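Here's the structure, in structure tokens; my notes come after.
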Amino acid sequence: MRILRSGLLATVQDLGRYGYQDQGVRTGGPMDEHAFLWANHLLRNDHNAAQIEITFGSFECVFTKPTMIALCGAQCQLRIDGQIVPMWHSYAIVAGTRLEISYTQTGVRVYLAIAGGFDAQVTAGSMATVPGQQIGSVVSADDEIEFAAQVNCMTRAVPSQFIPRFEQEVQLACVPAYQYHDFSDAERHAFFNSRFQVSKENDRMAYRLTGSDIQAPNKAYASEGIALGAVQIPADGQPIILCADHQSIGGYAKIVCIARVDLSILAQCRTGDCISFYETTVEEATQKLQQRIMFFR
Amino acid sequence: MSTQLKLHLQVVNESHWCIQASGTPGPALSRALHNLALQITDELGEYISDAITSSQSILLCLQICNTETWNNLQLIKEKINAILDHFSHVVDETVNDCIEEIIRLPVYYASEVAEDLSSVAELCALSPDEVILIHSEKIYSTFAIGFSIGFAYLGELDQRLSISRKSTPRISVPAGSVAIAERQTAVYPQPSPGGWHIIGRCPLLLVDISRDNFGPFSLGCSVQFYAIDKHEFIQLGGQLQ
């Protein structure tokens, strides 16, 4: 596959690089696991097959071998050899086929999956990319990306009930965690009853929010391991949600963890979107995560 | 003085658990937790992908893509608790150096590779040779790893060399730079921004991502620096630029 345009940021991602976080190696992985898993599912790929995560669209490429592809995620206009086709669908590709992905109309991240997965640089057992650590593959114009040619088979579409609407106001389920009990009742109440906005400081590492100040407990905490989706409250009181490229340890107070399945909602939020939080239990969050994983096995 | 280690397993969220340790934070506790983390990932690697150790806790990441993990959550908890119960580690603050392997790192301490050596000497009212002696005679312990690849916070740095970070960090610090700030020292394994004072350069390639080598440090391990001359620095692969 030859890349003609790569948009703002396009990276190769599988489900993440695990096993080395104790040495400071960040996991990476897809920001929107829901879209990623569907794209592989449409192609009957291994759920961990590598895809290209495209940020805000504006991507164009030419395929040099026959294969199948699937596109899921943010809403874009897709053209295959000039013909407009819908997202959340798989397509047969012959040598010479041109794919164009427009700028995203709603949402942020689009996933381009290919039959058998992309064949990119493997580091420590994973193709996941963390640009800030120079690990993995950032995809740019004129790059050639390898994949194994595949025989075409039946195309598939995601049932409409699984296709999300990308709203500008979202609610995220949270599991109380970490230093939750050190926060005062008033601060916990404020956290669950405020509307926050996504600031322009949002990327694969974190989403910084603006809105009501949440006062962190007046204590110094030792650095400790950070779980994906943890919400930090730094000194300025503005929550930071830690995402795919987060550091493995940190010492700020953390109030909750966003339910893993809801990180897929966050991943499609843009600057200015409104976020509010509601409480859930570990049991409920576990059930939802387990459901998602079992569905895609 | 010895203290019995108390360990407690708790749930963080649907994909992470945590082992909290009671006991005074310090090199001995860090090493104990590191060894415990290794044991857990060795024995339960099928269910636990990462054990991230810090000064008083270990964060466990569940292998959520393995269906067996979900089928065995209770059993896995029981196995971990059994390991915690049997991990009878008596932490002794006084004899932590004798049996421990020490990572020895060669350092070329000279202004041509260390922009801050003279200014550090001045700030500390010492000669450069005294700075080198004080820095290299101590055996340091690894306090924290995980902020970036292969970067280990080592301490405690001798009080005589204690100075605040630079008010303006450098945009790029050369790989191998040995630096100090407050009561800590470290080696920058790769070029990166940095606000610590650079007093030397280590010629060794400590991190090599292309070979899946993420550095030699582990929490609680001991590190000591030793001075080498320019000739040996170049022989060991050091870059002067």
Subject >> Leading residue by the ranking (farthest from the other protein chains (Cβ to nearest Cβ)) among those in segment B:38-56 that are buried (at least 24 other Cβ atoms within 10 Å of the Cβ) and in contact (Cβ under 8 Å) with a residue 40 or more places away in the chain >> reply: B:THR53
Original post:
Which of the residues belonging to segment A:157-200 are more than 14 Å from chain B (Cβ to nearest Cβ), farther than 18 Å from A:HIS34 by Cβ and not in a helix (DSSP H, G or I)?
Top reply: A:GLN168, A:GLU169, A:PHE183, A:SER184, A:ASN193, A:SER194, A:ARG195, A:PHE196, A:GLN197, A:VAL198, A:SER199, A:LYS200
**OP:** Consider A:VAL231 carefully, then state whether it is in contact with a Cys (Cβ under 6 Å, 6 or more places away or on another chain) and buried (at least 20 other Cβ atoms within 10 Å of the Cβ).
**Re:** no
Original post:
Going through segment A:221-254 one residue at a time, which ones are part of a loop (DSSP other than H, G, I, E, B) and facing chain B (nearest Cβ under 8 Å)?
Top reply: A:ALA222, A:SER223, A:ILE226, A:ALA227, A:LEU228, A:GLY229, A:GLN247, A:SER248
**OP:** Go through segment B:96-152 and count every residue that is of a type in the set (Phe, Trp, Tyr) and surrounded by fewer than 19 Cβ atoms within 10 Å (Cβ to Cβ).
**Re:** 1
Original post:
Which condition does B:LEU59 not pass, out of (1) buried (at least 16 other Cβ atoms within 10 Å of the Cβ); (2) more than 7 Å from chain A (Cβ to nearest Cβ); (3) of a type in the set (A, V, I, L, M, F, W, C), if it passes all the others?
Top reply: (2)
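A:ILE84: among the β-branched types (Val, Ile, Thr) and either touching a residue at least 40 places away in the same chain (Cβ under 8 Å) or closer than 26 Å to B:ILE64 by Cα (or both), yes or no?
Judged against the criteria, A:ILE84 is not a match.
For segment B:1-46, which fully contained strands (runs of 3 or more DSSP E) count at least 2 residues that are more than 30 Å from A:GLN287 (Cα to Cα)?
B:2-4
Identify the residue in segment B:67-83 that is away from every other protein chain (no Cβ under 12 Å), outside any loop (DSSP other than H, G, I, E, B) and polar (S, T, N, Q) and, among all such residues, is farthest from A:PHE295 (Cα to Cα).
For segment B:67-83, the residue satisfying everything is B:ASN81.
For every residue, the table says whether it meets (1) within 14 Å of another protein chain (Cβ to nearest Cβ); (2) in a strand (DSSP E or B); (3) aliphatic (A, V, I, L, M).
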| residue | (1), (2), (3) |
| --- | --- |
| B:ALA125 | no, no, yes |
| B:VAL131 | no, no, yes |
| B:SER136 | no, no, no |
| B:TYR153 | yes, yes, no |
| B:LEU157 | no, no, yes |
| B:VAL178 | no, yes, yes |
| B:GLN190 | yes, no, no |
| B:GLY215 | yes, no, no |
| B:PHE233 | no, no, no |
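Would you check if B:ILE64 is closer than 17 Å to B:SER30 by Cβ, modelled with pLDDT of 95 or more and within 8 Å of chain A (Cβ to nearest Cβ)? I'd like the intermediate steps shown before the answer.
Working: closer than 17 Å to B:SER30 by Cβ: no; modelled with pLDDT of 95 or more: yes; within 8 Å of chain A (Cβ to nearest Cβ): yes.
No, not satisfied.
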Original post:
Of all residues in segment A:116-156 being assigned to a strand (DSSP E or B) and surrounded by 14 or more Cβ atoms within 10 Å (Cβ to Cβ), which is nearest to the chain's Cα centre (by Cα)?
Top reply: A:VAL130
Original post:
Does B:THR185 satisfy the condition of being assigned to a strand (DSSP E or B), more than 14 Å from chain A (Cβ to nearest Cβ) and under 25 Å from B:ILE52 (Cα atoms)?
Top reply: yes
Original post:
Among the residues of segment A:255-297, which ones are at pLDDT below 95, of a type outside the set (D, E, K, R) and assigned to a loop (DSSP other than H, G, I, E, B)?
Top reply: A:PHE296
Original post:
Conditions: (1) away from chain A (no Cβ under 14 Å); (2) touching an Asp or Glu at 6+ places or on another chain (Cβ under 9 Å); (3) under 25 Å from A:GLN133 (Cα atoms). B:ILE145 meets all but one. Number of the miss?
Top reply: (1)
Original post:
Taking segment A:251-275, which residues are surrounded by fewer than 21 Cβ atoms within 10 Å (Cβ to Cβ), closer than 24 Å to B:ALA152 by Cβ and not hydroxyl-bearing (Ser, Thr, Tyr)?
Top reply: A:GLY251
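The values are calculated or read from the model by the stated rules, or taken from the named source; none is laboratory data. As the structure is a computational prediction, the values presented were derived from the model and not from experiment. Heads up, the Cβs are rebuilt from the backbone with ideal geometry, glycines too, and the neighbour counts pull from every protein chain shown.
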